[in-house]
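Read through the structure below, which is laid out as structure tokens, and then see the notes.
The values are calculated or read from the model by the stated rules, or taken from the named source; none is laboratory data. Quick caveat, the model's predicted, so the values are computed rather than measured. Don't worry about glycine lacking a Cβ; one is built from the backbone with ideal geometry, like all the others, and counts go over all protein chains shown.
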Amino acid sequence: MSFIGKNIKKIRTVRNLSQAGFAQLFNLARPSVGAYEEGRSEPKMETVVQIARQFGLSIDLLLTKELTVNELYGFDIYKQELKQAPSLKKIANPTPAPETVLIKAAQTLEYIVNRHEKKFIESLPVVHFPVDLKNIGRAFEQPGSEMQYLETGIFPGDLLLGELVEPENYCDVIPGKVYVVVLQSSLLIRRLAEVVSGETLQFKADNPEYNLVTLPVKEVLEIWEVRGVFSSRLKAPALVEERLIVLEQVVQQLNDRIKALEK
């Protein structure tokens, strides 16, 4: 997960802002600021961008590391006198984004049992995604490596934004797309391979070491179509990308030799 919560708290401390004062700057509810700082939820990307602009910070640093006081002020406090913080201006009318309930890997069984309980759902952490959904959304934490292959794909700990598929549409799911399937005692994250005879669904993992999974539709409790994957991991180039890079280098070398011969 990101460092945004810790950095929001440090910004408030450095700028002498209360949670209510910080919330007012960005049209947030005060409890939301507390939730961000405690790591129970994270602000939507629009809010992160606004925070970065308001305080002159890099979005990348704001999300990926715990900022120092020097970085928050943008200069070395040992070499220069601290200047008074610039006046803070409220950013008007930010675009609202719905909260999406997050089911962590360790909460899978608890979610299966209590998924219809309103109090349980309300007790779960929430996240904000810059994605418009037509139906109910859920965020799921990727538990294993079944969707990871050759340093690409969905890594353990990545968050998947799922949109609910209505039961009457279970046989209309689309091959090739990734789905989160809730079963009686487990949660399956796979790519749909095929719908068989309108009664059975076959799912495959992107990692070829995992076997094909065949599920009768009647055993499925919920299906969520994955609409986005959000990761804090910097992924290495895919094998094809590496080959393209090498090919580009070879072509450039050949062009340089041709130009040298033409002189």
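Structure above, values below:
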| read-out | value |
| --- | --- |
| Which listed residue, of Glu151, Glu166, is surrounded by fewer than 18 Cβ atoms within 10 Å (Cβ to Cβ), of a type in the set (D, E, K, R), in contact with a Lys or Arg (Cβ under 7 Å, 6 or more places away or on another chain) and more than 30 Å from Ser32 (Cα to Cα) | Glu151 |
| So Asp206, is it of a type in the set (Asp, Glu) and in contact with an Asp or Glu (Cβ under 9 Å, 6 or more places away or on another chain) | yes |
| Residue count for the stretch 187-210, restricted to those that are more than 21 Å from Leu160 (Cβ to Cβ) and out of contact with any helix residue (DSSP H, G or I) (no Cβ under 6 Å at 6 or more places or on another chain) | 4 |
| Among (1) without any contact (Cβ under 8 Å) to a residue 40 or more places away in the chain; (2) in contact with an Asp or Glu (Cβ under 8 Å, 6 or more places away or on another chain), the one test that Leu133 misses | (1) |
| Count - residues of the stretch 112-147 that are over 23 Å from Tyr36 (Cβ atoms) and surrounded by 20 or more Cβ atoms within 10 Å (Cβ to Cβ) | 2 |
| Selection status of Arg30, over 30 Å from Pro156 (Cβ atoms), modelled with pLDDT of 85 or more, touching a Phe, Trp or Tyr at 6+ places or on another chain (Cβ under 6 Å) and outside the structural domain of Pro125 (by TED's automatic domain parsing) | no |
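Residue-by-condition table, conditions (1) closer than 28 Å to Glu151 by Cα; (2) surrounded by fewer than 17 Cβ atoms within 10 Å (Cβ to Cβ); (3) under 21 Å from the mean Cα position of the chain (by Cα); (4) not assigned by TED's automatic domain parsing to the domain that holds Phe140:
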residue: Leu192; (1), (2), (3), (4): yes, no, no, no
residue: Gly198; (1), (2), (3), (4): no, yes, no, no
residue: Lys204; (1), (2), (3), (4): yes, no, no, no
residue: Tyr210; (1), (2), (3), (4): yes, yes, no, no
residue: Pro216; (1), (2), (3), (4): no, yes, no, no
residue: Glu219; (1), (2), (3), (4): no, yes, no, no
residue: Ile223; (1), (2), (3), (4): yes, no, yes, no
residue: Val226; (1), (2), (3), (4): yes, no, yes, no
